[in-house]
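Throughout, read-outs are computed from the coordinates displayed, never taken from laboratory work. From a predicted model like this one, the values you see are computed outputs, not experimental measurements.
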Amino acid sequence: MKAAVITSLDKPPQYADFVAPRPQSSDEMLVDVLAVGLHHITRGQASGTHYSSAGALSRVAGVDGVGRGADGKLRYLRKAQNRWARWPTRQLSN
């Protein structure tokens with residue numbers, strides 16, 4: 001999939017390939033991501049100044065968004081607190 005990927009805390013996120021995660025439980029699903037928010041927390045994580053930015057690089061930037069499920073319904077999505085490096089998404093188009 002393509003995503004805004006944080007590979008370094010001293011550079012902006014880059015549009016790049018990222019391994020698409022798979023849902024880990026019945027509470028998760030794959031969605032086509034349509035939009036994501038650009039919040040202060042997202043910017044802080046990308047620069048390493050927010051407390052939640054600790055952890056492994058590389059990771060996908062962002063904490064919430066809107067996506068479309070396989071059933072066609074629009075859904076609000078957010079990252080779980082303990083899963084900053086993963087969000088179950090797949091590429092919308094090439």
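Quick notes
- For segment 2-78, the Rg and Dmax computed from alpha carbons only, in angstrom: 13.2, 40
- Long-range HN-HN contacts of Gly48 with modeled amide H, under 5 Å: none
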